[in-house]
Amino acid sequence: MNTLADTSAGLPEMKLPEAAKPASPKAGEMAASIKPWIRGAKSSELPYIQKRLAEVIDTTADYTPEFREMEKARLNLNYLQNLHAINPDHIMLCMNHDEIVGGMITGPEFGTLWVYWSFLFPEARGTSAAMTYARALVSHWDNGQYHKMATYALESNRVSIALMKRAGYEHIVTLRNHIFGQDFMLWEHQLTKVIPGYDNGMNIGLRARITRRIAGWLGFSR
């Protein structure tokens, strides 16, 4: 779901800072000197990202209690590790200089790349970097593999909606009573697929699971 503003794909959406005014003294410092960039996560960083994502889910407005509990259970550490095994860039980190300030979690599904959640940590909100991160994600994945990127957003999430419009997403349809009785807007950003073949979604396969397990045994991190 969207929390650069506020994102989820089995349930996707994108999340952004919720105000232009710095939300904390640290945010004020960041606004004065910010160098935003993105990179794929290392396996050793996944527990931290999973923990912070759970905090974001718990503190994002307007979602039902059922939705929050389902998302935290769904996006557990094993789920993130499986996405990471497919491609570390599916757990993309929002960076300011050398500091992690948020994340953008994506997953493949038969030629569509779902943006499950994109979020900034509360202490990083109130800067102007959210649009930079959103556009960088689109640019990174416009690599010939996918037809489009897709995500959901609540109608009440006006900040995310404004961000997605500026980042080039199009509102396709509003799905009524879609997830736990809430209305969700489906947004898509068209890409250009030129590479033949399709992914297998979250089915990472035996080889990837064995590779991940061996890497864990040997203490490797990528």
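Pairs meeting the criteria (first residue in region 180-192 and within 17 Å of LEU163 (Cβ to Cβ), second residue at pLDDT below 95 and charged (D, E, K, R), beta carbons under 7 Å, at least 6 apart or on different chains) are MET185/GLU155. Would you be able to tell me the number of residues in region 137-149 that are crowded, with 20+ Cβ neighbours inside 10 Å and under 12 Å from the mean Cα position of the chain (by Cα)? Final tally of qualifying residues: 2.
Pairing residues of region 158-176 that are more than 10 Å from ALA134 (Cβ to Cβ) with residues that are of a type in the set (D, E, K, R) and outside any loop (DSSP other than H, G, I, E, B), at Cβ distances under 9 Å and at least 6 apart in sequence or on separate chains, gives VAL159/LYS15; GLU170/GLU188; HIS171/LYS165; HIS171/GLU188; ILE172/GLU188; THR174/ASP183; LEU175/ASP183; ARG176/ASP183. For beta carbons closer than 6 Å, sequence separation of 6+ or different chains, a first residue in region 127-148 that is more than 20 Å from ALA162 (Cβ to Cβ) and a second that is of a type in the set (A, V, I, L, M), the qualifying pairs are TRP141/LEU113; ASP142/LEU191; GLY144/VAL194; GLY144/ILE195; GLN145/ILE195; TYR146/LEU113; TYR146/LEU191; LYS148/LEU191. Condition check for ALA73 on (1) over 24 Å from ASN143 (Cβ atoms); (2) under 14 Å from the mean Cα position of the chain (by Cα): one failure, at (2). Screening ILE91 on (1) in contact with an Asp or Glu (Cβ under 9 Å, 6 or more places away or on another chain); (2) modelled with pLDDT of 95 or more; (3) closer than 17 Å to LYS35 by Cβ; (4) among the hydrophobic types (A, V, I, L, M, F, W, C) shows it passes everything except condition (3).
The values are calculated or read from the model by the stated rules, or taken from the named source; none is laboratory data. Every value quoted in this text rests on a predicted model; they were computed, and no experiment measured them. Backbone-built Cβ (ideal geometry, glycine too); neighbour counts: all protein chains shown.
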